[in-house]
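Reading through the structure tokens given below for one structure.
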Amino acid sequence: MKKRNTKFFPDELQNKLRAQFYYLNDDINGNRRIFFENAGGALRLKSTLEKYGEISMIPDSPVRDYDIAQKINQDITDGKEDIRLLLNAEGGEIAISLTASKIIFEMITVAAMDLPKGNIVTTAIEHPSSYDACEFSSQQYGHELRVAEADHSTGSVFLEELLSHIDDDTRIVSLILTSNITGAMHDLEKYTKAIHEKNSEAIIIVDAVQGAPHELIDLSRCHVDGINLAPYKMFGLRGVGFAWLSDRLARLPHHRLLATDETNWDLGSATPAHYASFSKIVDYICEIGFYFNESDDRRMLIEEGMTRITLQEQAILNRLLNGSESIKGTKHLNNVTIHFEEANGINQDLILAMSFSNISNNRAVEIYKKNNIQVFAREASSHYSKRILEAVGLKSLVRVSPVHVHNAEDIDEFLRVTKMIDEM
Ligand SMILES: Cc1ncc(COP(=O)(O)O)c(C=O)c1O
């Protein structure tokens, strides 16, 4: 198994990046806070909000033919291009919605509605937005719902298990790229190529909400028909979700003003500020890429930047697990169990899924909070977590989700509090 990177970003770069985020060290009340809840909504880049404000001040409609209107229309075109570049997607359509959930629901229900009766394959660890879309559209349009089981040690779905549910009658396969609860990452190239080989007609829908901020995506090497992103989990803003759709998915009959192109998924007045704000996320990834490789090719910068983000996050995960000379890592504590990461190795996202044997996970989260660290307990009492926790054989877990701008001091502060809880 490949070894996890242990080397952090150089301080010079790290400090430059840290200065670009809101609330990295303090909360809105000015109290010290380390935010390790990025899987619930990531720390926000200042530039995304500034850009959103700047463009939102402009009253003009982007569909007019004078200079200002054309400028903000160009923001839309550029934003769409940036989404394509981030995914390395040729052609297809970009769709926008209020949430990532809404857009994946739309993609799945449109495919289920338009395709002949057959079966829909999903997995037991999908986020409710895609899982429920599959269940809803199976019932609504007369398809059989098939659910691939999860492996308890990795918190992922093995490819063989997924493939065993796919046959000639499979119309849709829905797969999560990275689980927002277990942190397990699926190899998109390998999985989608194998699905496509088994049934080249099946529409493949990918939930990349958790995966996209942490790993490089290259759709030119995959077979994907629909994939969604949530800017608020990717250093950007709430209130918007994006998707890329292949031509064959975009072309299926869907809600659209009928005078527009058959493949168009934009409905109603566009919001240029959302696209311009997303371009700021891509600029930021490119800035990281440029530090290591002074290319003038934006996709190359994205590749370098995303790869570096992944490496930095591996170093953070390594320190969380193994600590350092001065402080014990979570792996070496008596009352702490770390789930999934050992079986996943470098296929573990920067999500530490842990549980305590001396106190309840909920209580541990309260103690972290009292000590200025924000983490989250995923409990079976929440409809967002129940099915997924059961699928991996757990009742609850503490989810610790830092992000690449956190540094060794942040991790060590977390480890000091963890040691204190462990000894209670
Ligand atoms: C993996 C994954 N998919 C989809 C979503 C849905 O995002 P939203 O609630 O913004 O629609 C989330 C949100 O946490 C998520 O983590």
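The values are calculated or read from the model by the stated rules, or taken from the named source; none is laboratory data. Treat the numbers as computed from the prediction; the structure is a model and nothing was measured. Glycine also receives a Cβ, built like all others from the backbone with ideal geometry; neighbour counts cover every protein chain displayed. Heads up: the accessible areas ignore ligands, DNA and RNA and are worked out on the full protein's heavy atoms, side chains in. Shrake-Rupley method; radii C 1.70, N 1.55, O 1.52, S 1.80 Å.
When we screen Asn31, Asn119, Asn88 for residues that are more than 16 Å from the ligand (Cβ to nearest atom), out of contact with any Leu (no Cβ under 6 Å at 6 or more places or on another chain) and not assigned by TED's automatic domain parsing to the domain that holds Glu409, the only hit is Asn119. Quick one: would you say Ser156 is farther than 21 Å from Phe376 by Cβ, outside the structural domain of Met354 (by TED's automatic domain parsing) and not acidic (Asp, Glu)? Judged against the criteria, Ser156 is not a match.
Counted as qualifying within the range 151-270 are the helices (runs of 4 or more DSSP H) with 3 or more residues that are within 20 Å of Gly118 (Cβ to Cβ), namely 159-163, 188-198. A residue that is touching a Gly at 6+ places or on another chain (Cβ under 7 Å) and at pLDDT 95 or above occurs nowhere in the range 56-79.
Ile359 versus (1) more than 24 Å from Gln312 (Cβ to Cβ); (2) without any contact (Cβ under 8 Å) to a residue 24 or more places away in the chain; (3) not aromatic (Phe, Trp, Tyr): which is the lone unmet condition? Ile359 satisfies all of (1) more than 24 Å from Gln312 (Cβ to Cβ); (2) without any contact (Cβ under 8 Å) to a residue 24 or more places away in the chain; (3) not aromatic (Phe, Trp, Tyr) except (2). Applying the condition of being open to solvent by less than 30 Å² (accessible area, probe 1.4 Å) and touching a residue at least 60 places away in the same chain (Cβ under 8 Å) to the range 296-311 and asking which residue is nearest to His404 (Cα to Cα) yields Ile309.
Summed over the range 124-143, the residues that are open to solvent by 10 Å² or more (accessible area, probe 1.4 Å) and assigned to a loop (DSSP other than H, G, I, E, B) give a count of 3. Against the list (1) away from the ligand (no atom under 16 Å from the Cβ); (2) of a type in the set (Lys, Arg); (3) in contact with a strand residue (DSSP E or B) (Cβ under 9 Å, 6 or more places away or on another chain), the condition Lys102 fails is (1). When you scan the range 144-159, do you find a residue that is within 16 Å of the ligand (Cβ to nearest atom) and open to solvent by 30 Å² or more (accessible area, probe 1.4 Å), even just one? No - not one qualifying residue is present in the range 144-159.
Where in the range 3-87 are there helices (runs of 4 or more DSSP H), lying wholly inside it, with at least 3 residues that are of a type in the set (Ser, Thr, Tyr)?
Details: elements: 11-18, 46-56, 67-87.
Hits in the range 3-87: 46-56.
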